[in-house]
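Down below is the structure, laid out as structure tokens.
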Amino acid sequence: MHGEYELASSLGAILPSGTRLAVVHSSLARLRITAEQSKWTFLRVFQRMADDGLTLAFPAFTFSFAKGVPFDPLRSRSETGILADWVLELGGAVRTDHPMYSFAVLGPLKDELLRCGNTTTFGDDSTFAYFERANARVVMVGCDWSYCTQFHRSEETAGVPYRFYKDIHGKSVGNGEEHSAVARMFVRDLDIDPTNDFQPLIDRLRSRLQISSTRFGSGLIESASCTDIAEAASDVLQNDRWSLVSQPKVTKYRAACLQESRDAPPLKVAVLGNSC
């Protein structure tokens, strides 16, 4: 396992001077780093970065909310990597309250992130919109860019035709009691079965040299700014709003057929019988 100096140097190499906010996705397994080797190395580096004025946000997503599992900001474990759970052990860390897309946050901007309204999960008062306005850096620690949740913000902004708004109802825990909660999301239309393929967006960012990269462990640590992500996604989706799904022509055809069936007038059927 590389030590604190190597980790801090690698993060410093992909975070431009003046960065105030970083959103850290991670896959320690792809770096071939075990939790036993790395926990306190990561936490000490993150704490020093926060003490120096950088705010760090770690996905602590809980998709099980959609399956009826209550969201408890104090006890629900992150379902998207162990770093968020580790960070929440630090005294100064907080957790945002979205029941599916919460973040563990450490650093001076944490109160601002707690105030995000999240009327919709990726909309203009969401945590993801705040990342965009603050020009946060998305950091992928051994994690593939296909898992960059910020990309969904661009899909909602563009109003892609293969998604629609849906209210997901469940339970959240506050003050020791369960209460009703709802997450309004721009979800995939499963009737046409669209599968995201973000490679055109990733390729656009790389071709513009907007992804910073350095080696760490057995993999890479990379970053890109949310402003660059939004601009690249806008360019890609402006040409074709189906650009970020695999087999876009097939998916578009399925959507057209589905819409045609939805628009068709009801068919009246009479069943006649005869018996002797």
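Determine whether residue 225 is at pLDDT 95 or above and open to solvent by less than 20 Å² (accessible area, probe 1.4 Å). When the stated conditions are applied, residue 225 passes them. Looking only at the range 121-138, filter to residues that are in contact with a helix residue (DSSP H, G or I) (Cβ under 7 Å, 6 or more places away or on another chain) and outside any helix (DSSP H, G or I); which one of those is farthest from residue 71 (Cα to Cα)? Applying the filter and picking the extreme gives 135. Within the range 123-135, identify whether any single residue is surrounded by fewer than 21 Cβ atoms within 10 Å (Cβ to Cβ), modelled with pLDDT of 95 or more and over 28 Å from residue 231 (Cβ atoms), and answer yes or no. So far as the range 123-135 goes, no, none of its residues is surrounded by fewer than 21 Cβ atoms within 10 Å (Cβ to Cβ), modelled with pLDDT of 95 or more and over 28 Å from residue 231 (Cβ atoms). Test residue 160 against the criterion of being in contact with a strand residue (DSSP E or B) (Cβ under 9 Å, 6 or more places away or on another chain) and in a strand (DSSP E or B), and give yes or no. In short, no.
Does the range 75-96 contain any residue that is in contact with a Gly (Cβ under 8 Å, 6 or more places away or on another chain), under 29 Å from residue 178 (Cα atoms) and either without any contact (Cβ under 8 Å) to a residue 40 or more places away in the chain or surrounded by 21 or more Cβ atoms within 10 Å (Cβ to Cβ) (or both)? No. Of all residues in the range 187-219, those satisfying the criterion of being over 19 Å from residue 121 (Cβ atoms) and in a strand (DSSP E or B) are 212, 213, 214, 215, 216, 219.
Residue count for the range 182-203 satisfying the condition of being closer than 16 Å to residue 69 by Cβ and either open to solvent by 20 Å² or more (accessible area, probe 1.4 Å) or in contact with a helix residue (DSSP H, G or I) (Cβ under 6 Å, 6 or more places away or on another chain) (or both): 1. All of (1) more than 16 Å from residue 181 (Cα to Cα); (2) over 16 Å from the mean Cα position of the chain (by Cα); (3) open to solvent by 10 Å² or more (accessible area, probe 1.4 Å) hold for residue 69 with one exception: (1). Looking only at residues of the range 207-222 that are surrounded by fewer than 16 Cβ atoms within 10 Å (Cβ to Cβ) and of a type in the set (D, E, K, R), we find that the one that is nearest to residue 8 (Cα to Cα) is 215.
When each of 199, 259 is tested for being at negative phi and either among the small types (Gly, Ala, Ser) or at pLDDT 95 or above (or both), the lone residue that passes is 199.
Applying the condition of being of a type in the set (Phe, Trp, Tyr) and touching a Ser or Thr at 6+ places or on another chain (Cβ under 9 Å) to the range 136-167 and asking which residue is surrounded by the fewest Cβ atoms within 10 Å (Cβ to Cβ) yields 165.
The values are calculated or read from the model by the stated rules, or taken from the named source; none is laboratory data. Keep in mind it's a predicted model, so treat the numbers as computed, not measured. Cβ coordinates were reconstructed from backbone atoms using ideal geometry, including for glycine residues, and neighbour counts include every protein chain displayed. Side chains included, ligands, DNA and RNA excluded: accessible areas come from the protein's heavy atoms. Shrake-Rupley method; radii C 1.70, N 1.55, O 1.52, S 1.80 Å.
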